[in-house]
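The values are calculated or read from the model by the stated rules, or taken from the named source; none is laboratory data. Being a predicted model, the structure only gives us computed values, none of them experimental. Cβ atoms come from the backbone with ideal geometry, glycine included; neighbour counts cover every protein chain shown.
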Amino acid sequence: MNRLALTFLASLFSLALTAQAIMGRVVNEYDEPVPFANMLIQELGTGAIADGEGNYFFSFDTEGEFGLVFSSLGYESIRQRVVIPSDTLLLNVRLHTAELALEEITVKASAKDPAYGIIRKAIKEKDRHLRAVAPYRSTIYVKAVEEIERKRAPKEPAVELASTVPVDPFAAEEQARKALVDNLNMVEMQVRLNVAPPNQYKEERLAYQAYGNVAGLFIPRFAETDFNFYRNMVSLRGIADAPVISPISSTAILSYKYKLESTDLEGKQIVYKIKIIPRKSGNSTLEGTIWINEGSWTINRLDVSFPTATLRTFDDFRLEQVYAPENDTEEWKLKQQAFNYRARQGKRLTFRGVTTLSYGTYEANYPFPPKFFGNEVAVTTREAYQRDSAYWESGRTVALTDKEAAMVAVQDSITAVVNSKAYQDSIQERYNKVTFLELAWEGVGLRNNAQKSHLYLGSMGELIDFSPVGGWRLGPYASYFRRFSNGQIMNVSGTANVGLKNGDVQGNFDAWYRYSPFKLGDISVSGGRSFESINQYDAYLNQLRPSNYILHDALRMRHSIELLNGLTLFTQAEISDRQPITGIETSSFLTDIVTDEEEILDFDPYQAFITTNAISFTPGLKYMREPDRKINLGSKWPTFTLLHRKGWSGPLGSDIDFDLVEFAVEQDIVFGTLGNTKYRARAGQFINTEDLRFVDWKRFRQSDPILFSDPLHSFQSLDTALNTTNRYLEFHHIHHFNGALINNIPLLKKTKLKAVAGGGVMWLPEEKFRHQELFFGAERVFKIGARRRLRIGAYGVLADSSNGKPNTAFKISFDLIDLWKRDWSF
């Protein structure tokens with residue numbers, strides 16, 4: 001025994017003089033020490049871990065008989081009953097090597113923490129656990145609660161000054177109810193989850209009830225992410241920019257450090273509590289604790305926090321999972337998940353959310369009918385929205401807190417009142433009362449609650465409009481919206497105005513009707529007279545130049561419908577009368593600010609009848625089905641679009657004759673921890689140019705100065721607007737590294753910057769023109785509200801073309817996150 005071991009034993013003997021204790025040494029069949037062996041006391045559910053020489057010590061608070069379990073990775077466990085005397089008991093233990101040792105793991109006195117051996121066991125067994133999962137069905141109770149904390153301003157008194165006026169108990173109770181409703185939001189759901197491994201899911205939402213404003217609550221969709229840590233990567237779609245590496249992934253040892261914090265006996269199961277520590281702070285690693293079951297090497301439970309730098313709408317996000325054996329078997333199933341998240345707005349407003357999923361009994365080997373699983377990954381029945389309080393009382397598997405129960409009672413009583421005809425009529429009357437502020441600035445709204453319709457009339461401020469051609473215009477705006485009980489929607493809007501400089505009258509209208517909510521069937525009619533841009537997607541400065549406009553009288557009809565899931569047909573027919581604006585006074589206050597070196601386009605007026613037909617297909621498009629609508633969720637496959645645009649000669653007096661055919665493909669791909677890529681490519685050709693007018697040429701957007709435009713639809717260093725009447729090909733690409741590069745640079749990773757790169761190519765064969773560019777940059781996300789985020793980017797662009805020298809440019813971008821999609825625009 002070396003000097004370190006002697007010192008260890010001496011110190012233990014000194015500690016044992018005043019308490020009941022047990023101590024000893026754990027060795028193997030060759031009398032070699034078993035470092036970091038575990039000693040568990042069954043009655044206490046706790047124990048001790050031996051040191052590197054196999055020495056252990058535990059102090060008891062009381063005398064008595066106890067059952068001890070000695071174990072270590074790669075050895076057979078042994079159990080022994082002992083009686084703890086009033087002084088110290090010396091007990092040496094011999095462990096024998098297990099027949100099924102993990103690749104003959106040998107842990108020496110100088111080895112790492114024993115947690116590494118345990119994790120390696122879990123890693124080795126995880127694929128077996130994944131393969132062993134049979135098709136199953138389970139019912140899940142979901143409760144998502146958001147509590148709003150409002151702190152007083154520093155100058156606000158914490159308590160009210162004493163008053164001689166008696167306290168009104170009814171007013172105080174009403175104030176408490178109002179505070180409860182204002183500060184607590186909740187969603188309850190009952191979901192039947194159907195799973196066919198490895199990756200087929202379908203959730204049936206059997207009951208749904210919302211209380212308050214639920215926009216900030218996190219409700220997971222199982223088809224998007226199942227938080228299965230037996231997989232190497234765990235997707236965080238809608239939560240974070242990048243997936244995370246599971247702490248028991250095949251390569252987890254390279255990403256994490258581990259520390260065995262305790263070995264506990266829970267019932268008859270030995271459980272290892274292991275701390276998870278990222279080897280380096282990054283966007284794809286977790287931090288927290290995982291509990292591993294000895295023997296089966298399954299996950300017992302875990303408590304992990306996600307990296308904050310990559311979260312999209314939350315300030316922090318934590319997940320707790322609890323597993324349990326199903327039907328007294330060794331198969332451990334997920335029993336409960338709890339998502340804890342927080343968002344702050346300023347220093348005095350905090351939104352704290354908890355979403356709890358409680359799993360019922362698993363029906364293993366469930367006989368799902370053929371074609372049960374497909375692209376429909378979630379469905380909500382109409383009855384789900386009609387469940388009464390008795391249903392929820394019997395269906396809750398997680399009890400409501402006193403505060404939640406009180407809020408539900410208040411909300412139910414409020415709902416009963418709010419849905420009454422008398423209340424609806426009073427609200428409608430109050431809303432429809434016209435005020436001076438509405439007339440002057442906000443606009444006048446008239447509501448019909450019975451018809452679910454809304455009429456809006458523009459304010460006096462909205463009477464004023466501006467056009468790059470001729471300047472200021474004056475005229476009213478109105479719109480009408482209605483939602484029908486079967487989910488159909490109608491919206492009609494229109495405007496009329498007169499130019500103050502030329503006295504010309506113009507106006508436009510648009511009538512849109514969604515007649516098939518589930519098939520996304522829309523039909524619309526629009527038209528009017530207006531100044532129309534020749535290239536409506538041109539650089540913003542060109543949109544301010546009169547030379548980019550013509551006078552356009554038009555009537556158009558559009559129709560789109562999803563023929564099959566992922567297969568959409570779009571058709572449009574437009575008849576227009578096109579006239580030059582050469583006889584119109586085009587100057588305005590912008591004339592001296594934005595120079596216009598081009599001449600006003602002069603041509604003989606003509607009529608144009610143009611049809612556009614496009615068919616778009618996205619294979620494997622996942623979707624949710626609501627009672628009266630369909631919600632598309634996306635696909636891992638590209639979207640393919642074939643378009644034909646034809647100018648007709650003859651019908652309705654049309655004077656043009658051309659045909660354009662275009663094919664496009666676009667996709668968003670996630671490359672795990674390396675980031676995500678988006679690309680868009682299109683190729684087209686005019687196959688008929690018998691009478692192709694200048695307005696109908698294919699155009700390519702000139703780049704904006706300074707501003708970085710959408711890189712999937714434009715170039716960043718195209719110094720002029722281009723057009724063609726022949727073939728064309730263009731490709732755009734952008735890749736967000738989501739911290740994969742900058743996190744490897746110690747100083748830069750603290751800035752929360754994220755690298756981005758991409759480029760584009762354009763080829764016009766007949767014009768013998770080629771343009772290519774690359775860009776590199778860094779982006780950073782800033783908070784501008786509790787969940788609102790602004791992403792600012794700075795980029796360097798390197799470009800080259802066939803008719804110019806290589807050039808460089810510097811660009812900046814501003815992008816607000818879409819809170820509905822929880823995603824960025826590019």
(Q) Among the numbered criteria (1) touching a strand residue (DSSP E or B) at 6+ places or on another chain (Cβ under 7 Å); (2) aliphatic (A, V, I, L, M); (3) more than 30 Å from Y385 (Cβ to Cβ), which one does I523 miss? (A) (3)
Q) Quick one: which helices (runs of 4 or more DSSP H) sit completely within the stretch 366-482 and have at least 2 residues that are in contact with a helix residue (DSSP H, G or I) (Cβ under 7 Å, 6 or more places away or on another chain) and modelled with pLDDT under 90? A) 402-418
Q: Check Y56 against each of (1) surrounded by 18 or more Cβ atoms within 10 Å (Cβ to Cβ); (2) part of a loop (DSSP other than H, G, I, E, B) and name the one condition it does not meet.
A: (2)
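Determine whether A338 is buried (at least 17 other Cβ atoms within 10 Å of the Cβ), over 22 Å from A132 (Cα atoms) and touching a Ser or Thr at 6+ places or on another chain (Cβ under 7 Å). Steps first, please.
Values: buried (at least 17 other Cβ atoms within 10 Å of the Cβ): yes; over 22 Å from A132 (Cα atoms): yes; touching a Ser or Thr at 6+ places or on another chain (Cβ under 7 Å): yes.
It is true that A338 is buried (at least 17 other Cβ atoms within 10 Å of the Cβ), over 22 Å from A132 (Cα atoms) and touching a Ser or Thr at 6+ places or on another chain (Cβ under 7 Å).
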Q) Do we have A794 as of a type in the set (G, A, S) and free of Cβ contacts under 8 Å to residues at least 24 places away in the same chain here? A) yes
Q.
If R770 meets every condition in (1) basic (K, R); (2) over 26 Å from G739 (Cβ atoms); (3) not in a strand (DSSP E or B) apart from one, which number is that one?
A. (3)
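Residue by residue, here is whether (1) buried (at least 18 other Cβ atoms within 10 Å of the Cβ); (2) closer than 30 Å to R625 by Cα; (3) modelled with pLDDT of 95 or more holds:
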residue	(1), (2), (3)
N565	yes, yes, yes
F570	no, yes, yes
S588	yes, no, no
L601	no, no, no
T611	no, no, yes
Q. Out of all the residues in the stretch 632-641, is one or more surrounded by fewer than 16 Cβ atoms within 10 Å (Cβ to Cβ), modelled with pLDDT of 95 or more and of a type outside the set (A, V, I, L, M, F, W, C)?
A. no
Q: Among the residues of the stretch 396-433, write down those that are loosely packed, with under 11 Cβ neighbours inside 10 Å and of a type in the set (D, E, K, R).
A: D402, K421, E429, R430, K433
Q) Restricting the stretch 483-498 to residues that are part of a strand (DSSP E or B) and in contact with a Lys or Arg (Cβ under 6 Å, 6 or more places away or on another chain), which is surrounded by the most Cβ atoms within 10 Å (Cβ to Cβ)? A) N497
Q | Residue selected from the stretch 764-776 under the condition within 36 Å of the chain's Cα centre (by Cα) and touching a residue at least 24 places away in the same chain (Cβ under 8 Å), by the criterion surrounded by the most Cβ atoms within 10 Å (Cβ to Cβ) | A | E773
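Can you find a residue that is among the small types (G, A, S), in contact with a helix residue (DSSP H, G or I) (Cβ under 8 Å, 6 or more places away or on another chain) and buried (at least 22 other Cβ atoms within 10 Å of the Cβ) anywhere in the stretch 283-303?
Going residue by residue through the stretch 283-303, those that are among the small types (G, A, S) are 284, 288, 295-296.
Within this subset, residues satisfying the condition of being in contact with a helix residue (DSSP H, G or I) (Cβ under 8 Å, 6 or more places away or on another chain) are 284, 296.
Keeping just the survivors that are buried (at least 22 other Cβ atoms within 10 Å of the Cβ) gives 284.
Yes, some residue in the stretch 283-303 is among the small types (G, A, S), in contact with a helix residue (DSSP H, G or I) (Cβ under 8 Å, 6 or more places away or on another chain) and buried (at least 22 other Cβ atoms within 10 Å of the Cβ).
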Q. Going by the structure shown, is K335 at negative phi and either in a helix (DSSP H, G or I) or touching a residue at least 60 places away in the same chain (Cβ under 8 Å) (or both)?
A. no
Q: Give, as residue ranges, the strands (runs of 3 or more DSSP E) completely inside the stretch 683-743 that count at least 2 residues that are surrounded by fewer than 17 Cβ atoms within 10 Å (Cβ to Cβ).
A: 727-736
Q) What about Y211, is it within 30 Å of P627 (Cα to Cα), buried (at least 20 other Cβ atoms within 10 Å of the Cβ) and of a type in the set (S, T, Y)? A) yes
Q. Filter the stretch 522-540 for residues that are surrounded by fewer than 17 Cβ atoms within 10 Å (Cβ to Cβ) and within 34 Å of the chain's Cα centre (by Cα); which is farthest from D465 (Cα to Cα)?
A. I523
Q: Restricting attention to the stretch 233-251, report how many residues are surrounded by 21 or more Cβ atoms within 10 Å (Cβ to Cβ) and more than 10 Å from the chain's Cα centre (by Cα).
A: 8
